[in-house]
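**Q** Starting off with a structure, shown below.
The values are calculated or read from the model by the stated rules, or taken from the named source; none is laboratory data. Nothing here was measured: the structure is a model prediction, and the numbers come from that model. Don't worry about glycine lacking a Cβ; one is built from the backbone with ideal geometry, like all the others, and counts go over all protein chains shown. Calculation scope for accessible area: heavy atoms of the full protein, side chains included, ligands and nucleic acids excluded. Shrake-Rupley method; radii C 1.70, N 1.55, O 1.52, S 1.80 Å.
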Amino acid sequence: MLNMRTKAVWGLLALALSAGSVQAAEPEVTDARLSLLPGDSPGAGYFNITNTSDEPLTLVGAESAAFHMTEMHVSTTENDMARMESVEKVDVAPGESFAFAPKGYHLMFMHRAEPLEQGDEVDVLLHFENQPELPVTFTVVAPGSM
Ligand SMILES: [Cu+2]
């Protein structure tokens, strides 16, 4: 649910980046969805990412103007207690895919900057270690509908 101006800026950025002479193959992201709880609870971002290049890909974080804070988390179960911890980086080998999915890795979107509803689209920038940042559109879905 970001405005057109933000999208235009990202469009220009993408143009500027693709104008560079040497650029690694862009990572491919599919199925990007944001599971939102009512109120100001955090949202969880899920997606599949494929490293289409022949170099290792390292995801180091994400940001979105729709939330004041975004972290990478992994959910674990310890002594039957569900907990989650933040993750510094996720490596994806050349040609491999990695899934951010319920009960595992997710983007934790915290402190909503604006109201969001199911069906809204949220622009997110993925940050990599040795790659330009990648804009991805997440669709807001109801919890449990993924
Ligand atoms: Cu989390």
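**Q** Of the conditions (1) surrounded by fewer than 18 Cβ atoms within 10 Å (Cβ to Cβ); (2) within 16 Å of the ligand (Cβ to nearest atom); (3) at negative phi, THR137 fails just one. Which one is it?
**A** Going through (1) surrounded by fewer than 18 Cβ atoms within 10 Å (Cβ to Cβ); (2) within 16 Å of the ligand (Cβ to nearest atom); (3) at negative phi one by one, THR137 breaks only (2).
**Q** Something else about it: Across region 84-102, what is the number of residues that are surrounded by fewer than 11 Cβ atoms within 10 Å (Cβ to Cβ) and within 13 Å of the ligand (Cβ to nearest atom)?
**A** Qualifying residue count, region 84-102: 2.
**Q** Would you pick out the residues in region 83-103 that are under 21 Å from THR30 (Cα atoms) and either part of a strand (DSSP E or B) or acidic (Asp, Glu) (or both)?
**A** Listed by number, the residues that qualify are VAL90, ASP91, VAL92, GLU96, SER97, PHE98, ALA99, PHE100.
**Q** Also, I was wondering about something else. Being under 14 Å from ILE49 (Cβ atoms) and within 14 Å of the chain's Cα centre (by Cα), is that true of even one residue in region 107-122? Outline the logic, then answer.
**A** Quick first cut of region 107-122, residues under 14 Å from ILE49 (Cβ atoms) only: 107.
Next, only the ones that are within 14 Å of the chain's Cα centre (by Cα) stay: 107.
The answer is yes, given that some residue of region 107-122 is under 14 Å from ILE49 (Cβ atoms) and within 14 Å of the chain's Cα centre (by Cα).
**Q** Residues being more than 16 Å from the ligand (Cβ to nearest atom), buried (at least 22 other Cβ atoms within 10 Å of the Cβ) and closer than 15 Å to ASP123 by Cβ: count how many of those fall in region 23-75. Even if it seems obvious, please write down each step before you answer.
**A** If we filter region 23-75 for residues that are more than 16 Å from the ligand (Cβ to nearest atom), which is where we start, we get 23-32, 38-39, 48-58, 60, 65-66.
Now narrow it down to the ones that are buried (at least 22 other Cβ atoms within 10 Å of the Cβ): 49, 51, 57, 66.
Checking the rest, the ones that are also closer than 15 Å to ASP123 by Cβ come to 66.
Total meeting the criteria: 1.
**Q** Further question on the same structure: Here are some conditions: (1) part of a strand (DSSP E or B); (2) touching a residue at least 40 places away in the same chain (Cβ under 8 Å); (3) open to solvent by less than 80 Å² (accessible area, probe 1.4 Å). LEU116 meets all but one. Which one does it not meet?
**A** The one condition LEU116 does not meet is (1).
Matching residues to (1) of a type in the set (A, V, I, L, M); (2) in contact with a Lys or Arg (Cβ under 6 Å, 6 or more places away or on another chain); (3) without any contact (Cβ under 8 Å) to a residue 24 or more places away in the chain; (4) within 19 Å of PHE128 (Cα to Cα):
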residue: VAL29; (1), (2), (3), (4): yes, no, no, yes
residue: PRO38; (1), (2), (3), (4): no, no, yes, no
residue: SER41; (1), (2), (3), (4): no, no, yes, no
residue: GLY45; (1), (2), (3), (4): no, no, no, yes
residue: MET84; (1), (2), (3), (4): yes, no, no, no
